[in-house]
1. Among the residues in the stretch 35-52, are any in a loop (DSSP other than H, G, I, E, B), over 16 Å from the mean Cα position of the chain (by Cα) and over 23 Å from residue 136 (Cβ atoms)?
2. Go through the stretch 62-84 and give me each residue that's on the phi < 0 side of the Ramachandran plot and at pLDDT below 90.
3. Identify, please: which residue in the stretch 29-52 is surrounded by 14 or more Cβ atoms within 10 Å (Cβ to Cβ) and aliphatic (A, V, I, L, M) and is, among those, farthest from residue 193 (Cα to Cα)?
4. Can you name every residue in the stretch 125-141 that is in a strand (DSSP E or B) and β-branched (Val, Ile, Thr)?
5. State which residue is nearest to residue 196 (Cα to Cα) when the search covers only the stretch 142-173 and only residues that are in a loop (DSSP other than H, G, I, E, B) and touching a strand residue (DSSP E or B) at 6+ places or on another chain (Cβ under 8 Å).
6. Please go through the stretch 93-122 and pick out each residue that is hydroxyl-bearing (Ser, Thr, Tyr) and either part of a loop (DSSP other than H, G, I, E, B) or within 16 Å of residue 57 (Cα to Cα) (or both).
7. Failed condition for residue 160, given (1) within 23 Å of residue 104 (Cα to Cα); (2) crowded, with 18+ Cβ neighbours inside 10 Å, with all others met?
8. Tell me, yes or no, whether the stretch 180-188 has at least one residue that is within 16 Å of residue 132 (Cα to Cα), loosely packed, with under 14 Cβ neighbours inside 10 Å and without any contact (Cβ under 8 Å) to a residue 12 or more places away in the chain.
Amino acid sequence: MRRVVLVALTLLLLSGTLAVAPGQETLPRASWGLHGAIALPVGPSHGLDPGYQGTAFVEVPWPRAFRALRLEAIYAAVPFPAGTASDSLGQPLGELDGTVRLRAIAVNLIVRRSDRSVRPYLVAGAGVFRVNYRTEGPRTEVVTSAAVTRVGGNAGLGLETSLRRVSLFAEARYHTVLHRGEQEELRLVPVTFGLRVR
């Protein structure tokens, strides 16, 4: 988490010193978009299987055209082997399937090049996560744990290209969700593809 905070602060400080490209002094309008794809567990989350993440967002230029704030609503589901179900006599009934479910609101700073057709950008920020666990047995018994509110951060890189009012992009980020109570720290690397409409 310290590394994510350091990246976010560095990004904020350095972005204030970048020069504005010619013709970019006028701020573009706010935009919205969607992105999603695979979420790869790393670090202490190695017991989890690859899952998926979907995100809806609104992006507002701040305070220059090359820098923006992005407000994101995130949903992620990451499966894991939950063990074996047994009856009252101890006889195995079958495998239990488990899923870690995350819902989050995050605020990110985006810093992008504005003078190229394919624009690289940096992204970093923090958010509040609601995390719970869901297990399903062989006879469709479903058990869902109480959701726990946790904090987390992220940092990553992306590439973007525009077609008129629509921008297509791909990005990879490192997410850390801090532990709380009996829930362990989660670390994910979502590799996502999306579009942004201005």
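The values are calculated or read from the model by the stated rules, or taken from the named source; none is laboratory data. It should be emphasised that the depicted structure is a prediction, and the values quoted were computed from it without experimental measurement. FYI the Cβ positions are ideal-geometry reconstructions off the backbone, even for glycines, and counts take in every protein chain you see.
1. Scanning the stretch 35-52 turns up no residue that is in a loop (DSSP other than H, G, I, E, B), over 16 Å from the mean Cα position of the chain (by Cα) and over 23 Å from residue 136 (Cβ atoms).
2. 62, 63, 64, 65, 66, 80, 81, 82, 84
3. Here the answer is 48.
4. 128, 131, 135, listed by residue number.
5. Ranking the qualifying residues of the stretch 142-173, first place goes to 165.
6. 114, 117
7. (1)
8. So far as the stretch 180-188 goes, yes, one or more of its residues are within 16 Å of residue 132 (Cα to Cα), loosely packed, with under 14 Cβ neighbours inside 10 Å and without any contact (Cβ under 8 Å) to a residue 12 or more places away in the chain.
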